[in-house]
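Every read-out reported here was derived from the displayed coordinates using simple, explicitly stated rules and does not represent laboratory data. For clarity, every value in this text was computed on a predicted model and none was experimentally measured. Methodologically, a virtual Cβ is constructed for each residue, glycine included, from the backbone with ideal geometry; neighbour enumeration extends over all protein chains shown.
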Amino acid sequence: MRAGASLLEVDDIWSTNPLFLTNREAALSELGEAQVREACRYLKSTGSNPTVVRYSLAAACIDSANIVGEELRVGRDRLVPEFNYADPRAIGGWDGSALNATEEAVWALDVDEAGQYGKGGKPPPNEDGTPAETLSDQVVRLTNLMSVLETLYSGEIRCNVDYNSINALASRPPSQTYFDILERGRAELKQLRENPDLLRNVKDLKYEEEREEERKVEEAKRKEAAKALEIKRQKQKEEAAARKAEADAAKAARAKEAREKELERQRKREEKMQLKEGDAKQDSLDTGTVGIGGAAVAGAVVATVAFGGGGDTEEVAITQENATNVVVDASNEALNATSSETGTAADEHSLNSTIVAIEPVAELGEEKDIAAEQNTTVVDDTDTDNATDLHAATARARGGASKFEILK
């Protein structure tokens, strides 16, 4: 009895390496389970009641034996594993290839090249340890299995195979389906031999496809993570730029405030300096008015008269109305200085008389009369210039309210 279709066979993968047959990827599929249960119902219908079930260690075979024991009520002690002789035919370098296409190529290989004893038509070798067996190798393994069964279970073996049954099968002409399978198998066999480098293990292809899918998923995750990281970095840059702009604005505001404060302090200093300069000028004007032009403000007339060429000099102050008498020594000092600068040899005894009059304009005529009555004379123009300077300073102190004249 054949085992039901495995998961690999459902995926169109022909796996024959004995080392991998026990893997659960080669376990019985749902389709295989249905096939096994259908076979058990057929055996029941024919009255078959097996007492021993011997099975291969392939995963699909183990699952199939369990179903047979359940359906046909065979005890666990009568389910016996077979370690070697029940293995399927190994196909060497074609192991793991597409099941349907490769199986048809093997059929064509056996028909065209196996020969009478089935020793020809060997599949290509494989590097992973998968045997490359001929049809004869499989027959030998099956014969050994039958010998073991006859030895262990004498009187209980029923093969239902004899010469008559074999001749009956051989006398039947092959079906057209069988010929179609051989025709497709020959084409596939030719392609396998002409393009050995193109032969790929279906499991490897599926594995690569799975890896490619995983790689795409990982790549998508990586891109998503990179995108998220870029967004995060951009956000951090924007936040940093905003903080920098805020800091710059605050710095500019502080600098502006500092400049404004400095300008305010400078303005206040300038105002203080202007006030001080104004106070100093006012003090100077007040001092000049009191010290130099005090007599002019009061309308005083200072006269220095030298009498008769004598050695004595009399200082007389002639005032208007009841003005206070003021004696000014500065007049003599100015005259003496003037005489020295012009190189005049005469001294005070050579001067007849000198009168410097400082008076308001309205009273000038009256002073002229006084001068005329006293027959006063004025020396040369050099002395007059010096007196003029003195009066001019006094007039500036008074604000230009007086007028100066020289009376001769």
Subject >> Computed log₁₀ I(q)/I(0) - Debye formula, equal Cα scatterers, no solvent, segment 1-122, q 0.10, 0.23 Å⁻¹ >> reply: -0.36, -1.25
**OP:** Using 0.36 nm per residue of separation minus the Cα-Cα distance, give me the extension gain between SER284 and ALA34 in nm, one decimal.
**Re:** 76.7 nm
Original post:
What order, most packed first, do the peptides 254-264, 175-185, 99-109, 65-75 have when packing is the mean number of other Cβ atoms within 10 Å of each residue?
Top reply: 99-109, 65-75, 175-185, 254-264
**OP:** May I ask you to list the lysines whose Cα is less than 24 Å away from that of LYS216, ignoring any residue fewer than eight positions away on the same chain?
**Re:** LYS203, LYS206, LYS227, LYS232
Subject >> Cross-link partners of LYS119 among lysines (Cα-Cα below 21 Å; sequence separation of 8 or more within a chain) >> reply: LYS190
Original post:
Which percent of Cα-Cα pairs in segment 1-68 sits in each 10 Å bin, short to long?
Top reply: 22, 51, 22, 5
Original post:
Counting only the backbone N, which residues of segment 61-92 are under 20 Å from the spot 7 Å out from the Cα of GLN191 toward its beta-carbon?
Top reply: 91-92
Subject >> Computed E for ARG184/LYS223 - FRET, C-beta separation, R0 41 angstrom, nearest 0.05 >> reply: 0.35
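Over the residues of segment 78-197, compute the C-alpha Rg and express it relative to 2.2 N^0.38 Å.
On the way: Rg = 17.0 Å, N = 120, 2.2 N^0.38 = 13.6 Å.
Dividing the Cα radius of gyration by 2.2 N^0.38 Å gives 1.25.
Rank-order 115-121, 32-38, 55-61, 246-252 by packing density, defined as the average count of other C-beta atoms within 10 Å over each peptide's residues, highest first.
55-61, 32-38, 115-121, 246-252
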**OP:** Hey, can you grab everything whose amide H is under 5 Å from the amide H of ILE13? Only 5+ residues off in sequence or another chain; H modelled, so Pro and N-termini drop out.
**Re:** LEU99
